[in-house]
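See structure below.
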Amino acid sequence: MKLLLFSFGWISIMGFAQSPQLENQTIADLGNGYYQNPIIPGRFADPSVVKVGNDYYMTHSMGGTPLLLVWHSRDLVNWKPLDYAAKEFYGNSWAPDISYHKGKFYIYTTFVTGEGTADRNFENYVLIADTPEGPWSKPININVKGKIDPGHLTAEDGTRYLYFNKGTVYQLDETGTKTIGEPKQVYDGWEYPEEWIVECFCLEGPKMFFKDGYYYMVTAEGGTAGPATSHMTVVARSKSPLGPFENSPYNPLIKTRSKTETWWSQGHSTLIEAPDGQWYSIHHGYQKDYRHIGRQTLMVPIDWSPDGWPVNKKDDSAMGMYPIPKVTDKPAAGMPLSDNFESNEINLQWRSFSGVTPETYFNSGDGKLTAIASGEHLGETATLGVLPVNTSYEVTVKATLEKGTSAGIILGPRTFNAKNSTAYGVGLSDGEIVVHHTGRARDQKTYEGNNIHLKLRNYENDIVLYYSEEGTHWKKLPMSMEVINIKSLAVMLYAYGNGEVIFEDFKYLGLR
């Protein structure tokens, strides 16, 4: 069923809004004073939010380069990207925490290197800035190894603390860059019913705040990407930042109860007060049947019980329509994914998932993205990608290749490399149109010339590929594929071999 409401300038398809002004992207603001989830579509997991005056700032877990995109909002629904805090590759960023202390902004995060290998390493860092737009400092190692998911708290007496997974806390010095003394174990988590279907206990993601004489600790349990019902948000509180912490009698605050729900693996909340006094849980979840989009940012209203606990009275599954907090002004929202490459800087939607800074191999300007070919095959090349935000979409691009190069467009995971080269897409290689299926290039047909227009369409997990000589008459390639069981895919441009490739007129269009 399709409901068209042109008076508000938006389209609702099966309960989700799309904006014709923003490439038909999935958007939250319905234009009538209400919103629907997600508030930030696409792979934006582990949200952390801080309020400073009338402004809210958010950041997320990320892989690739750059990292730690900072967003701004006035109403918690409409978010505009500002810039990345980390411009170089330091490892994948897990569960950051953005905070504000005495006129400065801090982002604490775990950088993970060797992800997916036996040599995986966890190091914790802090980045500091005078404004959320930056510039941010280089990451400062706080010398906490093996722990993940740092959560910052400034206690009522001014003492600074940093909490980690498994209920561990370190005291910080005044600069927030060094720990003091030994860690303390202050919380053991909440024991959920044994019969619940979860991935693991996995006490992680502590988010701290002070309210009405209590220090509240909001954590995640159950595992983040296992069964649909695994993840959850639990709450505990204490009169002291060092405990003892008592569990809420209303736990869990957020949880996917059934595989029939639209949002799976909900959890990892930040609790925040809106300008109108209403409290919300901002957390993440996978959309049912569309794990390849990644964990998206969700928001549901939270009430307070008479005995001082945050409660989810309606046991809300994040599928409702909710009033947008009223504010006098709000920034423009969303991040376009299309690019005409007129800017001399690579725009915010693009990131490399190859462990390099994008500028090493890609240069934007004057309507062109120039790529220096690297590697001898797809698993070795540097890529530049965007994160799709719709359940169905298509992307098109024009490519001009020098002799000896291979280039095109693929859909693959952020950990795409020689060891994990699962990818689906289409390209041109020395006079042959090739289809990439699970990373293998298969010749489809000969092609004359070095200019080609390529199209990749993902319609509800089915991938269909096209090419065109002039960009108007499209010819479908015979091999198609499906990606329903793959998590967190990115649309990436690639170029390998010797020489340069020029990409032009990259277009993203949401179809559903």
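The values are calculated or read from the model by the stated rules, or taken from the named source; none is laboratory data. Note that the structure is a prediction, hence the values are computed from the model and not measured. In this analysis, Cβ positions are derived from the backbone assuming ideal geometry, glycine residues included, and neighbour counts consider all displayed protein chains. Ligands, DNA and RNA are stripped out before the accessible areas are found, and what is left, the full protein with its side chains, is counted by its heavy atoms. Shrake-Rupley method; radii C 1.70, N 1.55, O 1.52, S 1.80 Å.
Each peptide among 163-171, 105-113 gets the average number of other Cβ atoms lying within 10 Å of its residues, and from highest to lowest they stand as 105-113, 163-171. Taking square-rooted eigenvalues a ≥ b ≥ c of the alpha carbon gyration tensor, is the stretch 87-205 rounded, prolate or oblate, where a/c under 1.5 means rounded and, failing that, a/b exceeding b/c means prolate? Verdict is oblate for the stretch 87-205. From the alpha carbon centroid of the stretch 429-461 to that of the stretch 302-333 is 46 Å. Listed cross-link partners Lys255/Lys314; Lys259/Lys455; Lys51/Lys178 are compared with a 22 Å cut-off, the Cα-Cα value being larger for Lys259/Lys455; Lys51/Lys178.
I'm a student and want to see the number: the projected area of the Cα convex hull of the stretch 175-329, averaged over all directions, in nm².
Taking a quarter of the hull surface, the average projection is 11.8 nm².
Each label was represented as a point 7 Å from its Cα along the Cα-to-Cβ direction; for Lys145 and Glu345 these points are 3.6 nm apart. The listed peptides 259-272, 456-469, 374-387, ordered by packing as a protection proxy, come out as 259-272, 374-387, 456-469 (highest mean of other Cβ atoms within 10 Å first). Each Cα pair under 8 Å and six or more residues apart adds its sequence gap; the mean of these over the residue count of the chain is a relative contact order of 13 percent. The relative contact order of the stretch 452-512, computed from alpha carbon pairs under 8 Å that lie at least 6 residues apart in sequence, is 23 percent. Candidate values (i) 34, 32, 23; (ii) 40, 25, 21; (iii) 47, 24, 20 were compared with semi-axes √(5λ) of the Cα gyration tensor in Å computed on the shown model; the agreeing label is (ii). Summary of packing: across the peptides 424-435, 45-56, the per-residue average of other C-beta atoms within 10 Å ranks them, highest first, as 424-435, 45-56. Taking all protein chains together and rolling a 1.4 Å probe, Thr360 ends up with roughly 70 Å² accessible. Ligands, DNA and RNA aside, Lys330 has an accessible area near 100 Å² when probed at 1.4 Å. Positive end of the dipole of the chain (Cβ unit charges, origin at the Cα centre): among Ala86, Gln296, Tyr467, the Cα lying farthest that way belongs to Gln296. Taking Lys and Arg as +1 and Asp and Glu as -1, the other residues whose beta-carbon sits under 12 Å from that of Val49 total -2.
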